[in-house]
Structure formats: structure tokens, C-alpha cells
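The block underneath contains the structure these notes are about, expressed in C-alpha cells.
The values are calculated or read from the model by the stated rules, or taken from the named source; none is laboratory data. Here the structure is a predicted model, which means the values were calculated and not measured. For neighbour counting, all protein chains shown are included, and Cβ atoms are generated from backbone atoms with ideal geometry for every residue, glycine included. To get the accessible areas, we keep the full protein, side chains included, count just its heavy atoms, and leave off ligands, DNA and RNA. Shrake-Rupley method; radii C 1.70, N 1.55, O 1.52, S 1.80 Å.
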Amino acid sequence: MSRAYNFSPGPAMLPESVLLQARDTMLEYGDAGASIVEISHRGPEFIEIAAQAEADLRALLSIPAEYAVLFLPGGATTQQALLPLNFADPGQRADYVLTGHWGATATRQARPYVDLNVAASSEDDGYRSIPPVESWRLSDGAAYVHVTANETIHGVEFRPAAPGGHAFPDTGDVPLFADFSSSIASEPIDVSRFGAIYAGAQKNLGPVGIGVVIVRRDLLERAGQPRADIFDYRLQLAADSMLNTPPTWNWYVAGLTFRWMLEEGGVEEFARRSDEKAKLLYAAIDGSGGWYRNEVDPAVRSRMNVPFFLPDPALDAPFLAEAREAGLVGLKGHRVVGGMRASIYNPMPLAGVQALVDHMRDFQRRHG
Ligand code: PMP
């Protein structure tokens, strides 16, 4: 077997121990007499898996009791459409802050349902920064304010804990909703600062096909808009996220991943590892004499997704081919930005980032 270091943005690398457990239960789950993918979501085995997954996620993220946790099919984009349906009256104001591609995507999901106000945007500088909070044009009476905690493509992250890093704003009585798809569980979050946190699982939480929504319970009392049962967070909560057949396999593997993160030392430990990995990679870029470039404002550089450019796009293909030879995959940048991107989520070990940095130095030496 020759598993490479996988820098893919999502679906992304999973811990080997999780994959091995998933493999072992594929044929037969415990003494169920059937595969994990064959058992009913209403049976005792799966009810236990679901309950354990929620308990582990609550422990991992220190989720207060007054917050509900939903496990829902589909990814983050689905939640971007469901949030306005559940929490905004028809045509009510909602404020969006755009710091990259995914914030803009969120506006396209919400626009049919709300009076959408772009309260701030860094589009004019190519999404390389976060506009200072003082410049945000927040609306009175907005249903919520939406931000993207980490922009996976542009590599821009709110860093409340970092010196000089950009904090999340205090939005007073208006709840703050945050897309944490690509940075959840990579450092402690003060959940109580948010009305809702959501994430697709396929980066830090497990496999694609399932999303997590953490929402303050009192917000579920809001009427929202006419919506089908299946889009109704309240009904999903009452049904333990099983209003219909849930993606049981994805939920199970996400649960294994939560357990792995707890056993590794939890979010404090992943914050430490993430800082170490990101520092190593940014130092290699910044120390290359301008040969490699990351153009994001250093105060808001992402610890999870590191976009970088070579001096000539003609070098991209050989860089990727030689990376593959060196056992490094998934480094091609997103088409809207170009260049390279290294996604270094929780399962990526420091040794993987070191191998990438070694490849970068070697490649520069030979092609520089
Ligand atoms: N938000 C962010 C921050 C993302 O990184 C992504 C996916 N890369 C999405 C939303 C969309 O997620 P999904 O494909 O799960 O709908």
C-alpha cells in the first residue's frame, strides 16, 4: 500500500485508524449480522452510533446545553439555503460579510428568501483580507449576520485567538451565523458567541455527504418561512435528525473521526498542531526569496488552506507531477484562484507538511 500525503481540500485526508475501523465494519458491524451500511437507522446499533456521535461532538467542541446539534444530509451549501428559510421572515434583512468564494456562494443560496445586504466585502482586493469590523454596514433588525470562519479557496481565516488576528464581531442581539466547514475542530470555539455554526463534514469532521448544524435552541422558535418538512430544522430536531433515512455510513465515519480527535487530545491539541504546520509552510513560502508567493494579509492567513503561487504558471504542471512522485497529492489550486493550495486539516501530520516543504525547496533548487 502506498498512501500519499493528501492535501486535498475536501473530500480530504482521514486518519488511517478511522479508515481501518470503517473497513472492518464494512462487512459486518459488531454482532449485527450485517454491514454498517446495511443496518437500519432505527435499529439499536445505529441509534447508539448517532447518540455517541452527538455526545462526542459536544465534548469536542464544548457545545453548551442550550445549543441543539443536527446531523443533516448534504453539505454546507444545503445549510446556506436552509438557514434563511428557518430563521428569517420572508423578505427580512440579512447581513452577509464576504471574505471569499464561499461567503459569495452563501449569498446565492439566501437571496431568494431574504433582503440580502452585503455588509462588507473584500472582493475588491481579490479576497486577500478581512474588512475591519468598524467598516461593516450592519443593518438594524437583521435576522442574522453571516460570516465564513475560514475561506477554503482564498485561504482567509478569522483568527480570534491570534495576536493581531481578526476577531469575530460582536453583533449584539442579532445572531451571528458562521460557516465553519473548513476550520471546525481545529481550535477551541466559543460556541456561545454564535447563533448558529454549520459545517460540511468532508474536511475536519469526516466523509462528505453529511453536515453538522449547531444552533441556539431559542432561535428555533422563530417562524421563518413556508418550507417543506424536510427543510425544517425544528422537525429534524424533534426527529433526532432522522426525519427521513439519514446518511448512516457518513454519520458513522464522522463519529469515528470525532472519537479520534478526542483521543488525540481534542481541539487544544489540534490548535497547537495546526499552528505548527501552518508556520512551517508559510515560513517556507516567505523564505523562498519571493519564488513562492502567498498574497493573503498575514494577519488573516488561514491555518487550514494555504494557497501559493510559483513564479510562472508553466511550472505548475511539473511541480504537481514531481510532487506526486514524492508522495504528495491534492495540491492543485482551485480554478478560481489558480496556482497551488495545500489543505492541512487535522488528519495531516507535521511530517506531511515537512515532506511538502522539502519538495518545494528541492523543486526551487532545480527550477529556480
Ligand atoms: N463553505 C465552505 C467554507 C467550503 O469550504 C465549502 C466546500 N469546499 C462549502 C461551503 C460548500 O460545501 P458543500 O460542498 O459541502 O456544499
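Positive end of the dipole of the chain (Cβ unit charges, origin at the Cα centre): among 337, 47, 306, the Cα lying farthest that way belongs to 337. Pairs of alpha carbons in the range 34-132 separated by more than 23 Å make up 51% of all such pairs.
Charges were assigned to the Cβ only: +1 to each Lys and Arg, -1 to each Asp and Glu. The resulting dipole of the range 267-367 about its Cα centre is roughly 100 debye. Comparing mean-square fluctuations of 204, 346, 250 from a GNM of the chain with C-alpha springs under 10 Å, the top value falls on 250. Taking the centroid of alpha carbons for each part, the range 60-107 and the range 310-368 are 33 Å apart. Helix-only arithmetic for the chain: the sum of -39500 (n - 2.57) across DSSP H runs with n ≥ 4, divided by the residue total, places the mean residue ellipticity at 222 nm at -11000 deg cm²/dmol. Using a 10 angstrom cutoff on alpha carbons, build the Gaussian network for the chain and name the most mobile of 188, 349, 313. Maximum among the listed residues: 313. Relative to the Cα centre, the charge distribution of the chain, modelled as +1 at Lys and Arg Cβ and -1 at Asp and Glu Cβ, gives a dipole magnitude of about 760 debye. Under the Kirkwood approximation for Rh and a Cα-based Rg, what ratio Rg/Rh is obtained for the range 17-263? Using only Cα positions, Rg/Rh for the range 17-263 is 0.98. Think of the chain as a dipole: +1 on every Lys or Arg Cβ, -1 on every Asp or Glu Cβ, centred on the Cα centre; then among 220, 346, 21, 346 lies furthest on the positive end.
Within the listed set 274, 35, 182, the Gaussian network model of the chain (springs between alpha-carbon atoms below 10 Å) gives the highest mean-square fluctuation for 35. Under the criterion of Cα pairs below 8 Å and six or more residues apart, the relative contact order for the range 17-263 equals 26 percent.
When every Cα-Cα distance of the range 267-367 is counted in 5 angstrom steps from zero, the calculated P(r) takes the values 2, 12, 25, 28, 20, 9, 3, 1, 0 percent. Among the trypsin sites (Lys or Arg not before Pro) within the range 5-63, those in coil by DSSP and having at most 10 neighbouring Cβ atoms inside 10 Å are 42.
Computed about its Cα centre, the charge dipole of the range 49-204 is approximately 320 debye, with only Lys, Arg, Asp and Glu carrying charge at their Cβ.
Note on the range 17-263: with neighbouring protein chains present and a 1.4 Å probe, carbon and sulfur make up 52 percent of its accessible heavy-atom surface. Across the range 136-235, the convex hull enclosing all Cα atoms gives 136 Å³ per residue.
Tell me which GluC sites (Glu not before Pro) from the range 22-131 have a DSSP coil assignment and no more than 14 other beta carbons within 10 Å of their own. Within the range 22-131, the qualifying GluC sites (Glu not before Pro) (loop, at most 14 other Cβ atoms within 10 Å) are 28, 38, 66.
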